[in-house]
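The values are calculated or read from the model by the stated rules, or taken from the named source; none is laboratory data. Quantities reported herein were computed from a predicted structural model and do not represent experimental measurements. Neighbour counts are summed over all protein chains in view; Cβ atoms, including those assigned to glycine, are modelled from backbone coordinates with ideal geometry.
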Amino acid sequence: MRRGLALLVLLGLPALAVSAEALFDQVAQVLDQGPWEARLQGRIVTPGGDAQEADLIVKTLPAEQIVRIEFQKPDALADNYVVITPDKVYNYLFLTNQVVVYPRAKARIEGLGFDLSRMGDLRKLGEEGEVVWDAPQEVRFKKRPAWHVVGRAPDPDASGFARVEVWIDREAKRPLRTAFYDAEGRALSDLEWTAFRTTRFTADDLVAFPPDAEWIEKK
């Protein structure tokens, strides 16, 4: 066995391969351990198709499957936030002090041209056939050992994107960067995870809105 491993190393081949599905399982095990908060920075498209600078704070309560996304940028969305639950998506609009609610199956994030909730579970995209994942490749991401995984959508019109690329920290098993592209290769969302920490949230902390906000229910 040792001779076989040594031969693989001499040939420049990886001794152990990992599938995209197994890698995403490892990431899920890390992220599902408890509440966490991350900062994502990069570019994202608006409904008009323009790419703008993005700066988001993502707060997650895995046990309850609740995600809250707080917008710092684009400027037009500053102080807005979105709460994603298993059955509904709540958009809080700061300027109008409104909460716009969509069914989870018809999720929409106001002011964006791409549904950020698609980033939530990369493993699920593969399981449901929306993405066919290539084998992960070992790379360096800003001098850090990482996995680079590319996925392609068989039906871009239905998925809302044609290709997705993910970089994952090989040691910490956490995302480093996630990018979605359309059929022309234009980035719909390209976000780097610039900060990450575990914390303590409750559902009441995340699913919270101003008491005087106007509620609008969409069907």
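Are any of the residues in segment 108-117 more than 25 Å from V82 (Cα to Cα) and of a type outside the set (K, R)? Looking through segment 108-117, none of the residues is more than 25 Å from V82 (Cα to Cα) and of a type outside the set (K, R).
Of these, P145, P136, P211, which one is without any contact (Cβ under 8 Å) to a residue 12 or more places away in the chain and not charged (D, E, K, R)?
Only one candidate passes the filter, namely P211.
If you filter segment 194-219 down to residues that are modelled with pLDDT under 95 and touching a Lys or Arg at 6+ places or on another chain (Cβ under 7 Å), you find that the one that is nearest to R104 (Cα to Cα) is F201.
Just one of the numbered conditions (1) modelled with pLDDT under 90; (2) crowded, with 17+ Cβ neighbours inside 10 Å; (3) out of contact with any strand residue (DSSP E or B) (no Cβ under 7 Å at 6 or more places or on another chain) is not true of K173: (1).
Residues that are of a type in the set (S, T, N, Q) and surrounded by 13 or more Cβ atoms within 10 Å (Cβ to Cβ) do not occur anywhere in segment 199-211. If you go through segment 195-219 and keep only what is touching a Gly at 6+ places or on another chain (Cβ under 9 Å) and part of a strand (DSSP E or B), you end up with just T198. In the condition set (1) crowded, with 16+ Cβ neighbours inside 10 Å; (2) among the β-branched types (V, I, T); (3) over 14 Å from the mean Cα position of the chain (by Cα), V164 is compliant with all but (3).
Assess whether E138 counts as being loosely packed, with under 13 Cβ neighbours inside 10 Å and part of a strand (DSSP E or B). Walk me through it before giving the result.
On the way: loosely packed, with under 13 Cβ neighbours inside 10 Å: yes; part of a strand (DSSP E or B): yes.
In short, yes.
Scanning segment 110-143 for residues that are among the aliphatic types (A, V, I, L, M) and modelled with pLDDT under 75, we see that the one that is farthest from L31 (Cα to Cα) is L112.
Could you tell me which residue of segment 24-44 is nearest to the chain's Cα centre (by Cα), considering only residues that are part of a loop (DSSP other than H, G, I, E, B) and either surrounded by fewer than 17 Cβ atoms within 10 Å (Cβ to Cβ) or acidic (D, E) (or both)?
My answer is D32.
The residue that is surrounded by the most Cβ atoms within 10 Å (Cβ to Cβ), among those in segment 178-198 that are within 26 Å of Q33 (Cα to Cα) and of a type in the set (S, T, N, Q), is T178. Among the residues of segment 78-99, is there at least one that is in a loop (DSSP other than H, G, I, E, B), of a type in the set (D, E) and at pLDDT below 90? No; the residues of segment 78-99 include none that is in a loop (DSSP other than H, G, I, E, B), of a type in the set (D, E) and at pLDDT below 90.
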